[in-house]
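This report refers to the structure that appears directly beneath it.
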Amino acid sequence: MAQPTAQFDSHIDLTRVDFERCRAVIFHGASGSGKSTYIRHLVRTHRGLCDRPYTHIDGGPIDWSRVDAAPERLIIVDELLSFRDLVQVAGLLRAGHLVIAASHLPPRLTGSLRTLWPLQQFATDRDPAKIERFLSNRGVSFSSAVVARYCARYGATYTDAEIILDHTGGDDFDRAYARFARLCTIDPVKPRRAWF
């Protein structure tokens, strides 16, 4: 499903973050919380990154021949799902690349990179205010208490909020969420591979 937000909501303020000394930037969050969208926005608009060419690698085993052939020192890795993926990111860092990644791994696991390289980590699924802005922009009424309950259960994910609204209809999130909670559930997306 495409990201349902019409315009990017920069709910994590990175405009003042200096990535000059950073070697790894990792965005953590549930599926649909905006990790990949945030990375695209960052490399297109951040003053320290927007002029740098980069190589984009989808999750899974890294094609090292592609990385070795790339003159870019900025590597985007979309979806860290396993410990093996993290080991491969360490290989990219050892080779001197700056890595920006979207991750489903626990932050404490990816945080282990910090022992060898400067690292910044950001959570994309913890801010109920971004869901409130999303609903307001769509003209959907809501109460902050119900949005907080939704975020506590599913994380602050655009995709799941979109599913609830699409499935139940209407322009009132409180009623839609109550109906959805009675009749349905959203199963979390399981990683393609185990963490270890």
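The values are calculated or read from the model by the stated rules, or taken from the named source; none is laboratory data. All values reported here derive from a predicted model rather than from experimental measurement. For neighbour counting, all protein chains shown are included, and Cβ atoms are generated from backbone atoms with ideal geometry for every residue, glycine included. Areas reflect the complete protein model, heavy atoms only, side chains present, ligands, DNA and RNA absent. Shrake-Rupley method; radii C 1.70, N 1.55, O 1.52, S 1.80 Å.
Picking from residues in the stretch 95-110 that are open to solvent by less than 10 Å² (accessible area, probe 1.4 Å) and among the small types (Gly, Ala, Ser), the one that is farthest from TYR38 (Cα to Cα) is SER103. Exactly one residue out of GLY59, GLY48 is open to solvent by less than 50 Å² (accessible area, probe 1.4 Å), at pLDDT below 85, of a type in the set (Gly, Ala, Ser) and more than 20 Å from ARG94 (Cβ to Cβ): that is GLY48.
For the stretch 80-94, residues that are in contact with a helix residue (DSSP H, G or I) (Cβ under 8 Å, 6 or more places away or on another chain) and either assigned to a loop (DSSP other than H, G, I, E, B) or open to solvent by 40 Å² or more (accessible area, probe 1.4 Å) (or both) total 1.
With the requirement that a residue be out of contact with any helix residue (DSSP H, G or I) (no Cβ under 7 Å at 6 or more places or on another chain), farther than 23 Å from LYS35 by Cβ, assigned to a helix (DSSP H, G or I) and at pLDDT below 90, what does the stretch 135-178 give you? Passing the criteria: none in range.
The residue that is modelled with the highest pLDDT, counting only those in the stretch 62-75 that are among the aliphatic types (A, V, I, L, M) and either assigned to a helix (DSSP H, G or I) or touching a helix residue (DSSP H, G or I) at 6+ places or on another chain (Cβ under 6 Å) (or both), is ILE75.
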